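Encoded as structure tokens, the structure appears first; notes follow it.
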Amino acid sequence: MIKKFISYYKPVKGVFIADLICAFLVALCDLMYPTITRNIINDYVPNQNLKLLITWLVALGVIYVIKAGLNYFITYYGHVMGVKMQINMRRDIFTHLQKLPFSYFDGNKTGNIMSRVINDLMEISELAHHGPEDLFISFIMLIGSFIILCSINLPLTLIIFAFIPLLVWFSMKQRIRLSDAFMETRKAVGEVNANLENSISGIRVSKAFNNNNYEIEKFQEGNNAFGIARKKAYKVMADFSTGTNFIMDFLTIVALSGGGIFYFKGIINFGDFTAFLLYIGMFSSPIKRLIAFIEQYQSGMTGFKRFMEIVEENPEIEDSDAKDIGLLKGEIKFKNVSFSYDENRNILSDLDLNISMGKTVALVGPSGGGKTTLCHLIPRFYEINSGEISIDGIDIRKMTRASLRGNIGIVQQEVFLFTGTVYDNILYGNVDATEEQVVEAAKKANIHDYIMSLDEGYNTYIGERGVKLSGGQKQRISIARVFLKNPPILILDEATSALDNATELLIQESLEELCKGRTTVVVAHRLSTIKNADEIIVFGSEGILERGTHDELMKLNSVYSQLYNSQFRN
């Protein structure tokens, strides 16, 4: 994990090296101050050497000006470096999320994923900037202080540094507690984000059922859990900070008492004693930096661990011999296909199904029979347990997913529109399309006239998830997307079941136009919409129960005819 973290410094190594050089020079500037003070007290003032006194005071002023410039570089460009690393990490995690299978998103909350992408990476960015810098400055300051203190008085230096192992032991003992506390806090933040995202997305349902108090209580549960986790983290931080600061304060007492005794006995003079105390103060500064670094390291690396948990999730893997198959004709075959979401129950078992090129096949039956699952298997949203699915005689596992999915258009019951304009959402079907092609697709979907009636036409903002549009309008925009994509294979997954009868008739006209010349798989509960299908397949809990045309199935007077008659009983 550390190796992966370090790899993100490579694109910003120029700024990183410059940042460390500046940090090194700042440390040297700080180390010069006690030495100059010692010389002033021991030599220039007692000997009334005004020239050297003024010279070194001016030199000290120049050093502070240089130090200010170095600190500006560290503060500004160091943070810019951290942000660039954060951008690269966020790019990598988002790119990886695009490659993960449906099963990952089935088992992980959106808000939790967002927390890892946004909140965790902020802490990682701070560690990326301050961590190496603080570590480097502390190392230089400790070594430099130790060398100079030894040159002043070795025995006194060794007495003081004898307490360092105690500080190291205490810090290491608290490190694991810090790590656990920060991990618990991150999980709690993720849950709060997940609840928040869920509640805001469902705000209209909440208002419709007058359940605002229930939502507040539900949110507050997660919020309180976050508060408890944060309190635990702060307690561990308080234990750690209090203990280390106490040891550092005790170290100052040791320096004062030891230095005082050495001064009384004439082992060191007043200037050396003063310089010694200044260096001890300076020596405590890197110790405090190291203490802060340990806290920051645990916070940042906990976030990076959660980042790596997503990055290390197995993506959708292409077969080694998978090829870009170009434009398909659309003859689909299922051969002995079995599939299950878990080990408990197969959704599909030894399914055999042939869908001829350019034909329309409708899938009907009760919910849970595997109709939507079958549609998800064609574009390889999920991997089958056994058997083979082929298109034009080619196993879909031998095709790259991009080329396979490029041949398939999907219109679903629950239309997802992105925040943006009408034009942006239609263009999503083919981001390389021209404006004329977008308009033509809208006309084919019978949505052009409505769009032109809007104040800003195609540039009308439709709100989050198309909230400003009706269900029928959203559905026609999704159909326009598929017209723009122009795929040879079409999947209609209950595309009109959520619409009223009048709107359904309008949408049905668009869908009939869309289906012309394409291999079409239709999942439908409203059987009136699939009477003209080339083949109707009736699914049940045991797999395929019946298959044939509408007329053939009605003559059987069995499952399909019962479903059909029950819908039109009135």
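The values are calculated or read from the model by the stated rules, or taken from the named source; none is laboratory data. Treat the numbers as computed from the prediction; the structure is a model and nothing was measured. In this analysis, Cβ positions are derived from the backbone assuming ideal geometry, glycine residues included, and neighbour counts consider all displayed protein chains. Protein only, heavy atoms only, side chains kept; ligands, DNA and RNA dropped before computing areas. Shrake-Rupley method; radii C 1.70, N 1.55, O 1.52, S 1.80 Å.
Points worth noting:
- Counted residues, segment 528-554 - those being in a helix (DSSP H, G or I) and touching a helix residue (DSSP H, G or I) at 6+ places or on another chain (Cβ under 8 Å): 6
- Single condition SER320 does not satisfy, out of (1) within 30 Å of ALA188 (Cβ to Cβ); (2) out of contact with any Ser or Thr (no Cβ under 9 Å at 6 or more places or on another chain): (1)
- Of all residues making up segment 115-125, the number that are open to solvent by 10 Å² or more (accessible area, probe 1.4 Å) and over 13 Å from PHE5 (Cβ atoms): 5
- Residues in segment 425-434 that are surrounded by 21 or more Cβ atoms within 10 Å (Cβ to Cβ) and either modelled with pLDDT under 85 or part of a loop (DSSP other than H, G, I, E, B) (or both): GLY429 alone.
- Scanning segment 415-424 turns up no residue that is among the polar types (S, T, N, Q), part of a loop (DSSP other than H, G, I, E, B) and over 29 Å from the mean Cα position of the chain (by Cα).
- Hits in segment 541-570 (condition: under 46 Å from the mean Cα position of the chain (by Cα) and without any contact (Cβ under 8 Å) to a residue 12 or more places away in the chain): GLU542
- Residue selected from segment 75-106 under the condition among the polar types (S, T, N, Q) and touching a residue at least 40 places away in the same chain (Cβ under 8 Å), by the criterion farthest from ARG38 (Cα to Cα): SER103
- Among the residues of segment 526-570, those identified as among the small types (Gly, Ala, Ser), over 17 Å from THR360 (Cβ atoms) and in contact with a strand residue (DSSP E or B) (Cβ under 7 Å, 6 or more places away or on another chain) are GLY543, SER558.
- Of all residues making up segment 22-60, the number that are among the basic types (Lys, Arg) and open to solvent by 80 Å² or more (accessible area, probe 1.4 Å): 1
- In the set (1) in a helix (DSSP H, G or I); (2) more than 17 Å from HIS129 (Cα to Cα); (3) not hydrophobic (A, V, I, L, M, F, W, C), TYR77 fails one condition alone, (2).
- The number of residues in segment 79-114 that are aromatic (Phe, Trp, Tyr) and buried (at least 16 other Cβ atoms within 10 Å of the Cβ) comes to 1.
- Listed by first and then second residue, the pairs linking a residue in segment 2-13 that is over 16 Å from GLY300 (Cα atoms) to a residue that is surrounded by fewer than 10 Cβ atoms within 10 Å (Cβ to Cβ), with Cβ atoms under 8 Å apart and 6 or more places separating them unless they lie on different chains, form an empty list.
- When restricted to residues that are assigned to a helix (DSSP H, G or I) and under 10 Å from VAL422 (Cβ atoms), segment 458-477 contains 5.
- The residue that is nearest to LYS84 (Cα to Cα), among those in segment 1-21 that are open to solvent by less than 80 Å² (accessible area, probe 1.4 Å) and among the charged types (D, E, K, R), is ASP19.
- Residue within segment 420-436 that is in contact with a strand residue (DSSP E or B) (Cβ under 8 Å, 6 or more places away or on another chain) and within 26 Å of SER528 (Cβ to Cβ) present: no
Here's the yes/no breakdown for (1) modelled with pLDDT of 90 or more; (2) surrounded by fewer than 17 Cβ atoms within 10 Å (Cβ to Cβ); (3) within 30 Å of GLN562 (Cβ to Cβ):
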{"position": "GLY365", "(1), (2), (3)": "no, no, yes"}
{"position": "GLY370", "(1), (2), (3)": "no, no, yes"}
{"position": "PHE381", "(1), (2), (3)": "no, yes, no"}
{"position": "ILE391", "(1), (2), (3)": "yes, no, no"}
{"position": "ILE396", "(1), (2), (3)": "yes, no, no"}
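- Annotation note: Cβ proximity below 9 Å between a residue of segment 254-272 that is acidic (Asp, Glu) and a residue that is surrounded by fewer than 18 Cβ atoms within 10 Å (Cβ to Cβ) (sequence gap 6+ or interchain) occurs for ASP272/ILE41; ASP272/ASN42; ASP272/TYR263.
Here's the yes/no breakdown for (1) within 38 Å of the chain's Cα centre (by Cα); (2) at pLDDT 75 or above:
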{"site": "GLN473", "(1), (2)": "yes, yes"}
{"site": "ALA480", "(1), (2)": "yes, yes"}
{"site": "ILE489", "(1), (2)": "yes, yes"}
{"site": "ALA495", "(1), (2)": "yes, no"}
{"site": "ALA502", "(1), (2)": "no, no"}
{"site": "LYS516", "(1), (2)": "no, yes"}
{"site": "LYS531", "(1), (2)": "no, yes"}
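- Pairs where the first residue, in segment 400-422, is free of Cβ contacts under 8 Å to residues at least 40 places away in the same chain and the second is open to solvent by less than 60 Å² (accessible area, probe 1.4 Å) and part of a loop (DSSP other than H, G, I, E, B), C-beta under 6 Å, 6+ apart: ARG405/PRO379
Per-residue answers, yes or no, for (1) surrounded by 20 or more Cβ atoms within 10 Å (Cβ to Cβ); (2) modelled with pLDDT under 75; (3) among the acidic types (Asp, Glu); (4) assigned to a helix (DSSP H, G or I):
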residue: ASP239; (1), (2), (3), (4): no, no, yes, yes
residue: ASN245; (1), (2), (3), (4): no, yes, no, yes
residue: MET248; (1), (2), (3), (4): no, yes, no, yes
residue: VAL254; (1), (2), (3), (4): no, no, no, yes
residue: GLY260; (1), (2), (3), (4): no, no, no, yes
residue: ALA275; (1), (2), (3), (4): yes, yes, no, yes
residue: LEU278; (1), (2), (3), (4): no, yes, no, yes
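- Residue match in segment 32-50 (condition: over 30 Å from MET308 (Cβ atoms) and either within 43 Å of the chain's Cα centre (by Cα) or of a type in the set (Phe, Trp, Tyr) (or both)): yes
- Inspection of segment 51-74 identifies no residue that is touching a helix residue (DSSP H, G or I) at 6+ places or on another chain (Cβ under 8 Å), in contact (Cβ under 8 Å) with a residue 60 or more places away in the chain and in a helix (DSSP H, G or I).
- Among the criteria (1) open to solvent by 60 Å² or more (accessible area, probe 1.4 Å); (2) modelled with pLDDT of 85 or more, the one LYS67 does not fulfil is (1).
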